[in-house]
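Below is one structure, written out as structure tokens, with a few remarks after it.
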Amino acid sequence: MGYTIAVAGKGGTGKTTLTGLLIDQLVKSNEKPILAVDADANANLNEVLGEEIECTIGAIREEVSKRENAGNSFPGGMTKAQYLKYRLNAIITEGKGYDLIAMGRSEGQGCYCYVNGMLREQIDSLSDSYKYLVIDNEAGMEHLSRKTTKKIDTLFLVSDASRRGIQAAGRINELVKELELNVSNIYLIVNRVPEGVLKADTVEEIRKQGMNLIGVVPMDHQVYEYDAEGIPLVQLPEDSISKKALRGILSEIQFKK
Ligand SMILES: Nc1ncnc2c1ncn2[C@@H]1O[C@H](COP(=O)(O)OP(=O)(O)OP(=O)(O)O)[C@@H](O)[C@H]1O
């Protein structure tokens with residue numbers, strides 16, 4: 001099993017932006033191969049990375065369940081398990097220096113326990129052949145709590161600099177403990193910080209929440225400009241405020257088991 005990094009935070013805090021820049025940084029440090037998993041139905045990690053996604057796990061789940069409900073067999077005499085495996089192989093998007101899988105969302109209702117279990121097993125076995133597994137996770141920690149991955153080596157919680165933002169990150173921190181998730185290190189990153197300097201109140205709230213602040217990423221107007229123009233954020237200049245800040249944060253951490 002490779003080194004697993006998960007990124008979580010309330011929607012809109014910049015979690016997906018930072019996950020994308022983190023993957024970019026790992027690729028540039030030649031820390032390959034990397035499997036990136038977009039596990040947040042609301043996130044668009046592929047857009048930050050500048051990749052098109054053709055199919056998601058949610059879509060496969062729908063397709064398999066529709067086939068079953070219609071009483072159709074699987075192509076080529078495949079069993080359901082074989083068909084799922086075959087389809088999963090086809091959903092890996094090959095990026096520049098990494099592979100990407102998107103969970104997507106499932107529109108339909110009903111029980112997908114079997115299919116979910118199968119897919120989870122496959123992601124687990126797939127991730128064995130990568131040096132890094134990087135997951136853009138949803139705030140509810142749903143996928144992690146359903147044990148998408150057996151163990152997380154480093155979890156980054158992303159928050160904005162507001163008190164409520166920090167409190168929300170604090171709740172995710174608590175949730176990790178309540179769910180007894182197997183996480184070795186949890187670090188807080190405060191993102192979109194005006195001038196890159198935290199207010200004393202924010203620092204106090206972080207202390208109150210008992211979180212380990214690893215660093216801040218300043219408000220970066222280039223991020224806004226690139227997003228507005230639809231340019232993938234990984235194309236930001238290497239000396240952009242946000243890329244530099246993230247490099248600084250990553251240099252604090254030894255990604256070793
Ligand atoms: N350091 C930054 N400076 C300026 N803008 C930023 C910064 N980080 C992120 N943003 C902007 O904040 C917005 C939210 O970012 P992002 O989509 O990454 O958040 P998210 O937490 O993943 O949200 P969701 O889960 O809803 O996708 C985006 O428009 C992004 O461009």
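Every number here is computed from the coordinates shown, using simple stated rules; none is lab data. Computed from a predicted model, the values in this text were never measured in an experiment. Because the Cβ atoms are built from the backbone with ideal geometry, glycine has one as well, and the counts that use them run over all protein chains shown.
Tabulated values for the structure
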item	result
Globularity ratio of the stretch 1-136, using Cα Rg and 2.2 N^0.38 Å	1.09
Span per principal axis, largest first, for the Cα atoms of the stretch 155-237 (Å)	41, 30, 18
Ranked packing of 248-256, 158-166, 93-101, most packed first, by mean Cβ within 10 Å	158-166, 93-101, 248-256
Estimated distance in nm for a label pair at Lys28 and Ala90, the labels positioned 7 Å out from Cα along Cα-to-Cβ	3.6 nm
Size of the chain as Cα extents on the principal axes (Å, biggest first)	63, 39, 34
Rounded to 10°, Cα long-axis angle of helix 57-69 versus longest principal axis of the chain	20 degrees
Virtual spin-label span in nm between Asp239 and Asn44, 7 Å along Cα→Cβ	3.1 nm
GNM flexibility winner over the chain from Ala39, Ala228, Ala169 (Cα, springs under 10 Å)	Ala228
Cα lying deepest toward the dipole's positive end in the chain, options Tyr130, Met211, Val183, charges on Cβ	Val183
